[in-house]
Every structure is written in C-alpha cells, then in structure tokens.
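Please read the structure below before turning to the comments.
The values are calculated or read from the model by the stated rules, or taken from the named source; none is laboratory data. None of these values were measured; they are calculated from a predicted model. Heads up, the Cβs are rebuilt from the backbone with ideal geometry, glycines too, and the neighbour counts pull from every protein chain shown. All accessible areas refer to the heavy atoms of the entire protein, side chains included, with ligands and DNA or RNA removed. Shrake-Rupley method; radii C 1.70, N 1.55, O 1.52, S 1.80 Å.
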Amino acid sequence: MTLAIIGGSGLAALKGLEINRQQMQPTPYGEPSGPLTFGFLNNKEVVFLPRHGNPHVIPPHKINYRANIWALKKNGVDRIIGVNAVGGITGEMYPGRIVIPDQIIDYTWGRRHSYYEEDISEVTHINFTRPYSDTIRSKLIDTAGTIDLDIAGEGTYGATQGPRLETAAEIRRMERDGCDLVGMTGMPETALARELDLAYASISVVANRAAGKSDEEITLDMIEKNLSTGIRDVRKLLEASIPVILSD
Ligand code: HPA
C-alpha cells in the first residue's frame with residue numbers, strides 16, 4: 001500500500017520529504033503535471049505530485065487530472081490525500097484554517113471528467129454518495145486532535161471552473177446550495193480517484209474569505225500570505241497522520 005500526496009497552490013514541493021527518485025510516467029491520457037517524486041516523510045514511503053507543476057504553471061482548468069490519477073495508480077498507489085487551497089464561504093471557514101471536507105458539488109465544465117468516456121465496453125456509474133474516504137478523513141481528524149490542531153472536520157466543497165475568482169452572486173448561490181468552501185481543483189480529481197478505486201481525501205486550506213464575504217478585496221498577496229500559514233499546519237498534519245493512514 002502506498003500513499004500519494006497531491007500538492008496544490010502553496011505546496012509545489014513537500015518540505016521534509018527525503019527524495020529517493022523521480023519518475024516521469026507516460027499515460028494513455030497524456031502527461032501528468034510533472035514527474036512523480038518518491039521519497040520518505042516521517043520514515044514512511046510516499047509519492048508526491050504537485051498538481052499545478054513545479055514551478056506552479058498549470059492553471060486549474062488545464063490540469064490533466066486523468067493522467068495524474070492514472071499515473072499514481074500505475075505506480076501502486078492505493079490512497080491519496082489531495083491538498084487544496086480554497087475560499088471560505090460559511091462562518092467557521094476563516095483564512096488559515098484547515099478543513100477536511102465530507103461532500104462536494106461540481107460546478108466545473110469542459111474538463112475530462114471520467115475514464116469511462118471512450119473505448120468502453122459498458123456504461124459505468126460509480127457510487128459517489130460519499131465522495132471522500134471516511135477512513136482517511138477520520139484518521140486525519142483524529143490525528144489533528146492529538147497534535148492540538150484546530151481544524152473543521154466537515155464541510156461541502158464547491159468546485160468552480162476558474163481560473164477567475166467568483167462573483168459575489170455566484171458565492172451567494174453556492175451558499176444557498178450548501179457549499180462551505182470554494183476551490184477550483186476538487187473536481188474531477190475526487191471522482192477520478194473513485195473511478196480507479198483509490199481511497200481519496202482532501203485537506204483544504206482556507207486562503208481567503210470567498211468573494212463578497214469580507215470587506216477586504218481578495219488579492220493574490222493575501223491568498224499567498226494565508227496559504228503559507230495554513231500550509232505549515234498542513235505539513236504538521238501530514239507528518240503526524242501518515243503512519244496512521246498507512247496502518248491498515
Ligand atoms: N475561489 C476559488 N478558488 C480559490 C479561492 C476562491 O476564493 N481561494 C483559493 N482558491
């Protein structure tokens with residue numbers, strides 16, 4: 001069993017990872033975001049892949065999600081933690097906070113959403129009622145408790161197309177829909193992992209209050225500043241939880 005970490009904005013490299021080797025993995029779907037990096041974090045073997053490339057150059061709607069997930073599966077990965085930068089919509093989702101979402105709503109369009117599109121022998125519908133792995137989620141939540149990290153243990157992630165940020169009205173609509181968080185990379189990554197039978201959970205980091213939710217204008221500077229605080233906590237959580245996540 002092997003754990004992969006897919007890094008998002010603010011996590012193009014995984015500090016503390018003792019790198020063993022890097023490997024470019026060709027796939028039937030084209031090229032992944034970069035080479036897979038194999039190494040050890042807290043003495044456990046993990047595979048790291050920066051979703052936007054390193055340096056950060058691939059925008060959310062151009063990421064080859066199918067190639068990324070397929071490449072990980074091909075290399076023996078059976079569980080994935082995706083790290084996602086998000087905007088906070090509802091009250092408790094304040095900048096710098098870590099959230100382990102339990103639900104997702106897909107507002108993206110025009111992305112390659114499925115492996116079951118071409119050359120198929122039968123139509124397949126995966127079960128996606130609970131989109132994230134509850135096993136990995138509870139391990140993350142329990143570990144956060146043991147290291148005194150204040151996190152939100154549930155929340156609904158709304159995945160938007162980007163790369164622009166949302167309008168205030170779009171955020172109001174998403175809040176009416178039940179979204180607590182807004183981000184651009186949660187889908188189709190989460191569904192593709194389920195299609196390939198990989199256990200997947202997200203560590204979402206709130207970078208800003210979503211559009212219209214604060215008097216402050218959202219700037220890239222603000223996003224980067226909050227992300228760097230949040231990402232420090234993400235690293236702590238990853239290091240502490242990896243042995244637990246790999247324990248069955
Ligand atoms: N909207 C969408 N994606 C994001 C945001 C946001 O406000 N912040 C960080 N990623």
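Structure notes:
- Flag for Asp248 being more than 12 Å from the ligand (Cβ to nearest atom), part of a loop (DSSP other than H, G, I, E, B) and open to solvent by 10 Å² or more (accessible area, probe 1.4 Å): yes
- For the range 196-207, the tally of residues that are more than 10 Å from the ligand (Cβ to nearest atom), crowded, with 20+ Cβ neighbours inside 10 Å and of a type outside the set (A, V, I, L, M, F, W, C) stands at 2.
- Residue selected from the range 145-161 under the condition more than 15 Å from the ligand (Cβ to nearest atom) and among the aliphatic types (A, V, I, L, M), by the criterion surrounded by the most Cβ atoms within 10 Å (Cβ to Cβ): Ala152
- Each residue in the range 162-182 was checked for being touching a Ser or Thr at 6+ places or on another chain (Cβ under 7 Å) and surrounded by fewer than 16 Cβ atoms within 10 Å (Cβ to Cβ), and 1 of them qualify.
- Any hit, the range 184-199, residues being at positive phi, assigned to a loop (DSSP other than H, G, I, E, B) and out of contact with any Leu (no Cβ under 7 Å at 6 or more places or on another chain): yes
- Of all residues in the range 1-22 being surrounded by 13 or more Cβ atoms within 10 Å (Cβ to Cβ) and modelled with pLDDT of 90 or more, the one that is farthest from Val234 (Cα to Cα): Thr2
- Cβ-Cβ under 9 Å pairs, at least 6 apart or on other chains, the range 208-222 side near the ligand (Cβ under 10 Å from one of its atoms), far side assigned to a loop (DSSP other than H, G, I, E, B) and open to solvent by 100 Å² or more (accessible area, probe 1.4 Å): Asn208/Glu216; Arg209/Glu216; Met222/Glu216
- Elements of the type strands (runs of 3 or more DSSP E) sitting completely within the range 31-144 and holding at least 1 residues that are more than 16 Å from the ligand (Cβ to nearest atom) and open to solvent by less than 20 Å² (accessible area, probe 1.4 Å): these cover 36-41, 44-50, 77-88.
- Neighbours by Cβ (under 6 Å, 6+ apart or cross-chain): first from the range 226-243, of a type in the set (Ser, Thr, Tyr); second open to solvent by 10 Å² or more (accessible area, probe 1.4 Å) and within 16 Å of the ligand (Cβ to nearest atom): Thr229/Gly96
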